[in-house]
Amino acid sequence: MKKLLITGSSGFLGSRLALYYKDKYELLLPTHSELNVSREEAVMAYMEQFQPDIVLHCAALSNTWYCEQHSDESHRVNVQGTVKIAKACKHIGAKLVFMSSDQVYNGTPVSEPLKEQDVFQPVNVYGRHKLEAEQRALRNNPMSVALRLTWMYDVPSSPMKLNSNILVNIQKALDEGTTIKAATHEYRGVTNIWEVVRNMEQTLELPGGIYNYGSGNHIDSYTLFLKVANIMGAKEPSTFILPDEERFSEQTRNLTMDCSLINNFGIRFNDSVEGIEKALMNRKP
């Protein structure tokens, strides 16, 4: 049985990867104190001691607002930590898959779905650091696989750790009688996290490089929120989901991704709306 190391295994994605693959691999799930990715000596020592065959690097600072306020910490974890993991994986011959983000496209003045080579200078700290992490990790370990993930969600009834996602936010508004403002000048995919998890094993066969990884979407965020609220059974969702016509009005924010590259390797995701319909129908992994 191969050894699979998951960094950030207590997080939103890492915890689900650990649950799904627990019977297929010998799991290594170090805590932050056991594997501090910002300390190169600690990373190398851990890798040499436990010799994982595969590393799924999920540990990160992913709150974009926090990264904006704490740029040095974001760089230390999101960039330097990823580079240290990449170097250690090359040293011991482990396969590395690390998580990047669609935020690398934030600020790209293109209206159609973006391809991996379409990156411009991201407008926020998190996006810039994820882009730098991709470039430096691949320079140090060309066999690394970087996955540009979309905004992910799980159903609000999940017993596992939840993030602030589209389903959770709508359910909270329904429960508390509050409103949500969604941008009319924004386009982005949202992906069922279990699709990401189930596709991960096939992803291990990808050659080194950068891959868009998630659900497509062709409607603006306001329309998407209305459709999702309808699917969730909300009556007259336009009474509590309000259009935000000012945000991104100077330049439409487009984070939608062209995933034809991973499609060529047989890895596919549902469209955003279709994925949500299926997630709510199943309501379990």
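Rule-based calculations on the coordinates, nothing more; no lab input. Fair warning: this is a prediction, and the values are worked out from it, not measured in the lab. Positions of Cβ are backbone-derived with ideal geometry, glycine not excepted, and every protein chain shown enters the neighbour counts.
Considering Cα pairs under 8 angstrom that are at least six residues apart, work out the relative contact order of the stretch 1-114 and quote it in whole percent.
Details: 148 pairs, mean separation 33.0, N = 114.
That works out to 29 percent.
Let a ≥ b ≥ c be the square roots of the eigenvalues of the Cα gyration tensor of the stretch 149-216; is it rounded (a/c under 1.5), or, if not, prolate (a/b larger than b/c) or oblate?
Details: a/c = 4.40, a/b = 1.73, b/c = 2.54.
Oblate, because a/c is 1.5 or more while a/b does not exceed b/c.
When a footprinting reagent is the concern and you count Cβ atoms within 10 Å, what order do Lys115, Lys2 take, fewest first? Don't skip to the answer; put the middle values down first.
On the way: Lys115 15, Lys2 12.
Arranged by neighbour count, lowest to highest, Lys115, Lys2 become Lys2, Lys115.
For a quick check: sort Glu201, Glu132 by the number of other beta carbons within 10 angstrom, fewest at the front. Walk me through the numbers before you get to the answer.
Details: Glu201 15, Glu132 18.
Going from sparsest to densest Cβ surroundings: Glu201, Glu132.
What percent of all Cα-Cα pairs in the chain falls into each 5 Å bin, going from 0 up to the bin containing the maximum distance?
Pairs per bin, as whole percents: 1, 6, 12, 16, 19, 17, 13, 9, 5, 2, 1, 0.
Given a 10 angstrom Cα cut-off, can you work out which residue in Gln202, Gln117, Gln80 is the most mobile in a GNM of the chain?
Gln117
Within a 10 angstrom radius of the beta carbon, how do Arg253, Arg128, Arg247 rank from fewest other beta carbons to most? Before the final figure, lay out each step's value.
On the way: Arg253 18, Arg128 22, Arg247 15.
Placing the least packed residue first, the sequence is Arg247, Arg253, Arg128.
Given the options His75, His185, His91, which has the most mean-square fluctuation in a GNM of the chain, springs set between C-alpha atoms less than 10 angstrom apart?
His91
Where does the chain land at 222 nm, in deg cm²/dmol rounded to the nearest 500, when only DSSP H runs of n ≥ 4 count, each adding -39500 (n - 2.57), divided by all residues? Intermediate values should be presented prior to the final figure.
Values: 11 runs with 105 residues, N = 285.
It comes out at -10500 deg cm²/dmol, rounded to the nearest 500.
If I take the Cα coordinates of the stretch 199-285 and project them onto the principal axes, what are the three extents in Å, biggest first?
If we take the Cα atoms of the stretch 199-285, the spans are 47, 38, 14 Å.
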